1. Being in contact with a helix residue (DSSP H, G or I) (Cβ under 6 Å, 6 or more places away or on another chain) and within 11 Å of chain A (Cβ to nearest Cβ): is that true of B:S50 here?
2. Looking at region A:247-267, is at least one residue surrounded by fewer than 15 Cβ atoms within 10 Å (Cβ to Cβ) and β-branched (V, I, T)?
3. What tally of residues in region A:264-293 results from selecting those that are outside any helix (DSSP H, G or I) and without any contact (Cβ under 8 Å) to a residue 12 or more places away in the chain?
4. Take the conditions part of a helix (DSSP H, G or I) and at pLDDT 95 or above and apply them to A:A246. Does it pass?
5. Can you tell which of B:A99, B:A59, B:A26, B:A63 is more than 19 Å from the chain's Cα centre (by Cα), among the aliphatic types (A, V, I, L, M) and within 20 Å of A:D94 (Cα to Cα)?
6. What number of residues within region A:103-148 are assigned to a helix (DSSP H, G or I), among the polar types (S, T, N, Q) and under 28 Å from A:F10 (Cβ atoms)?
7. Is it the case that A:A299 is within 14 Å of chain B (Cβ to nearest Cβ), over 26 Å from A:V47 (Cβ atoms) and in a helix (DSSP H, G or I)?
8. Could you go through region A:154-167 and let me know if any residue there is within 14 Å of chain B (Cβ to nearest Cβ), of a type in the set (A, V, I, L, M) and part of a helix (DSSP H, G or I).
Amino acid sequence: MQIQDFEKIFQGKIDTEIKIEPKDWMPDAYRKTNVRQISQHAHSEVVGMLPEGNWISRAPSLKRKAILLAKVQDEAGHGLYLYSAAETLGVSRDEMIEQLLTGKAKYSSIFNYPTLTWADMGAVGWLVDGAAILNQVMLCRTSYGPYARAMVRICKEESFHQRQGFEILLVLSKGTPEQKAMCQDAINRWWWPSLMMFGPKDTESTNSDQSMKWKIKRKTNDELRQQFVDMVVGQIKVLGMTLPDADLKWNEERNHYDFGEIDWNEFWAVVKGNGPCNKERLDARNKAHAEGAWVREAAMAYAEKKSKKLERKVA
Amino acid sequence: MNNLIIKQYYGDYGEIETGAASTTSAETGWPLWEVFIRSKQGLDHKHAGSLHAADAQMAIENARDVYTRRMEGVSIWVVESKHITASNPDEAGELYEPAIDKVYRHPTFYDLPDEVGHM
């Protein structure tokens, strides 16, 4: 068989909704796109722990602290599911970690924004996780089997993240004038970066067409972004807060909300490493990795010692 | 032929043998483990995912932390990934061919009168 025949069989599977599994033949570019996307997704989960970790020691009550700890632990787990899925494509964990630590690999730009107040924990849960969930629900049906299975697991856990975030804001929205102001301020700061999470416009996105054809993605950036706007506009009314967009209004013809133009200069600046916290995040990851080295070594040394002991016993 | 094509089609992520990179971390030496979870008594263990760990004990503890945080399991199996032999999807045709033409293995193959009742 020629390469073209393999490609035909492969695309045939995709078209008939048969999942691609690790040992199946796949085009080089499909493998690379998946490795890139899944590892970036994994890195995002891992770096995503940092802005929230910032508030674990300062959560306003024991209950909130326990919830935040559980949420951050979930993110670590999500990172692991995704790294494992990427590993099935032939990339090693070490390689992916190295790409993250050296800044070669990207992660979601949203985590390069600082979490300034407790209300940010609410806004991150509601808006950032809310935006991520729309993307992840779509990815539950992605064509690469291990990625889809990881996403199903993640989506099951992610719903609590969004709900606890909204609840944080709901409590603040019913609080003192200062608490209400804090709630509105957090929404104002996180709204636009959340919209940016869906990536460039469809007309500017380079990876979109092929990813749709391979059913890695099933909705375009703009479709998901619109879905998010429509969803949030309904929910913010419950909070009695507003979204910082003067152009936001219902469009009868489109049956969707119109919204203002995203500041794409800011988007590209953060993507290229010039966001408020890019350096801080990478430094924190590098520090954690370096300081954890002795633990990894000790665990291996202990495992080796134990297995030698066992060997002696058997002998 | 098939192997040749697969080889030239792998990307810039280094040489890959039989569809997977070395499963042991070069940096830590921690091998890859496959995790199987029994969700409740009476059910089979089912593949849940994989993780790196220094030894079996640590693999079980890590599996508990990542795969059973919400009571998803009552029993965990771990096995080093290198010990799993998988069938080759390219040979699926030949491998499962003997099953295809044996329709008489299914109960619906036998046409019995209604009077027999449920059988």
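1. Working: in contact with a helix residue (DSSP H, G or I) (Cβ under 6 Å, 6 or more places away or on another chain): yes; within 11 Å of chain A (Cβ to nearest Cβ): yes.
Judged against the criteria, B:S50 is a match.
2. If we filter region A:247-267 for residues that are surrounded by fewer than 15 Cβ atoms within 10 Å (Cβ to Cβ), which is where we start, we get A:247, A:249-256, A:258, A:260-261, A:263-265.
Cutting the leftovers down to β-branched (V, I, T) gives us none.
Taking every residue of region A:247-267 in turn, none turns out to be surrounded by fewer than 15 Cβ atoms within 10 Å (Cβ to Cβ) and β-branched (V, I, T).
3. Final tally of qualifying residues: 1.
4. In short, no.
5. Unique residue meeting the criteria: B:A26.
6. Start the filter on region A:103-148 by keeping residues that are assigned to a helix (DSSP H, G or I), which leaves A:109-112, A:119-139, A:145-148.
Now restrict to residues that are among the polar types (S, T, N, Q): A:109, A:112, A:135-136.
From what's left, under 28 Å from A:F10 (Cβ atoms): A:135-136.
Number satisfying all stated conditions: 2.
7. Values: within 14 Å of chain B (Cβ to nearest Cβ): yes; over 26 Å from A:V47 (Cβ atoms): no; in a helix (DSSP H, G or I): yes.
The answer is no for A:A299.
8. yes
The values are calculated or read from the model by the stated rules, or taken from the named source; none is laboratory data. As the structure is a prediction and not an experimental result, all values here were calculated from the model. Every residue, glycine as well, gets a Cβ built from its backbone with ideal geometry; the counts of neighbours run over all protein chains shown.
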